[in-house]
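Enquirer: Submitted below is the structure of interest, expressed as structure tokens.
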Amino acid sequence: MLAAHAILVLSTLLGGVSLLGFALVLALGPFEIVPLGLGQPAALAWDAGLCLVFFVQHSGMLRRPYRERVGRVLPAPFHAAVFSMASGVALLLLIGLWQRTPVLLALEGTPRWALRGVFALAGLGFLWAVRSLGSFDTFGLRPLRAHIIGTEPRAMPLAIHGPYRWVRHPLYSLFLVLLWACPDVTADRLLFNALFTLWIVLGTLLEERDLVRQYGDPYRAYQRQVPMLVPWRVPNQTLPGDRR
């Protein structure tokens, strides 16, 4: 039980600090905490490598083959928290070792404030999407807490609510808005945005396969009725798992 409590605390600390830092990066642009004195081409190559490390860690640990392998040596209640800890470390490395490049374009006046407004609205929408999930467990604490008190975590049914009636992955859709609603453009920020956009789209497609495997026909019906990332139609029909 001591190990479970220690992992619970570490997951919360690493996950919380890394997410706070990442939120600041999205709002203000990447920082240069540890300057390495690289020229622009080398700095961009370094930054791309940091992104790749995070993508491989994050997506690799979410895939079924990894979960099956780690399940042979690590009890299931620990999986999500260990994933959160590893993601926190990878994200902190990305934030702390990122190298900045000179500003290419800085919007001023009304365009700048308009983008800031879009960012704020997307942030509120992101919180709405998290609240609509109901079971959002950012740091993998729910299985650990259930393990500590000797119960089984409750399986989450497919439930469609709020922004999930408009798109199947509103957290990803709104993250993309947060990503691009930045008034200060640098080469490294463009690289950051492009790589994270590509990763989000590819990761969403992979996640769709896992969700179909988990929920079966109800999720296939949901796919047919609700767009994946872009809300291009009004949700005017009854959806599987609908709980308006």
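Enquirer: Working out 0.36 nm times the residue gap between residue 124 and residue 229, then minus their Cα-Cα distance, what length gain in nm do you get to one decimal? Write down the numbers at each step before the final one.
Expert: Working: separation 105, 0.36 × 105 = 37.80 nm, distance 1.73 nm.
That pair, residue 124 and residue 229, stretches by 36.1 nm at full extension.
Enquirer: Taking the Cα centre of each part, how many Å lie between segment 183-204 and segment 1-68?
Expert: So the two Cα centres are separated by 15 Å.
Enquirer: Compute the length gained on full extension between residue 56 and residue 5: take 0.36 nm times their separation in residues and subtract their Cα-Cα distance, giving the result in nm to one decimal. Don't skip to the end; give the middle numbers.
Expert: Details: separation 51, 0.36 × 51 = 18.36 nm, distance 2.75 nm.
Extra length available between residue 56 and residue 5 comes to 15.6 nm.
Enquirer: While we're on this one: With just the Cα atoms of segment 36-84, tell me how far they stretch along each of the three principal axes, in Å, largest first.
Expert: So the extents along the principal axes, rounded to whole Å, are 46, 17, 13.
Enquirer: Could you put 63, 131, 100, 213 in order of accessible surface area, largest first, with the 1.4 Å probe and the full protein assembly present? Walk me through the numbers on the way to the answer.
Expert: Numbers: 63 50, 131 195, 100 100, 213 130 Å².
Solvent-accessible surface, decreasing: 131, 213, 100, 63.
Enquirer: Here is a follow-up. Quick query: amide H of residue 160 versus all other amide H atoms, modeled in the peptide plane; which residues come in under 5 Å with a sequence gap of 5 or more or a different chain?
Expert: Long-range HN contacts for residue 160: 242, 243.
Enquirer: Additional query: Do you know the relative contact order of segment 1-152, to the nearest whole percent, from alpha carbon pairs under 8 angstrom that are 6+ apart? The partial results should precede the final answer.
Expert: On the way: 124 pairs, mean separation 64.1, N = 152.
Here the relative contact order equals 42 percent.
Enquirer: While we're looking at this one, here's another question. Along the positive direction of the dipole of the chain (beta-carbon charges: Lys, Arg +1; Asp, Glu -1; about the Cα centre), which of 7, 42, 141 reaches farthest?
Expert: The one lying farthest along the dipole's positive direction is 141.
Enquirer: Moving on. From the alpha carbon gyration tensor of the chain, can you work out the equivalent ellipsoid semi-axes (sqrt of 5 times each eigenvalue) and give them in Å, largest to smallest? Don't skip to the end; give the middle numbers.
Expert: Working: eigenvalues 196, 132, 51 Å².
Over the Cα atoms of the chain, the semi-axes work out to 31, 26, 16 Å.
Enquirer: Rank these by accessible area, largest first, 1.4 Å probe: 47, 137, 217. It would help to have the intermediate numbers written out before the result.
Expert: On the way: 47 0, 137 55, 217 105 Å².
The residues order as 217, 137, 47, largest area first.
The values are calculated or read from the model by the stated rules, or taken from the named source; none is laboratory data. On a predicted model such as this, the values are computed, not experimentally measured, just so you know. We place every Cβ from the backbone using ideal geometry, glycine too, and count neighbours over all the protein chains shown. The protein model used for the area step is the full one, side chains on, heavy atoms only, and it has no ligands, DNA or RNA in it. Shrake-Rupley method; radii C 1.70, N 1.55, O 1.52, S 1.80 Å.
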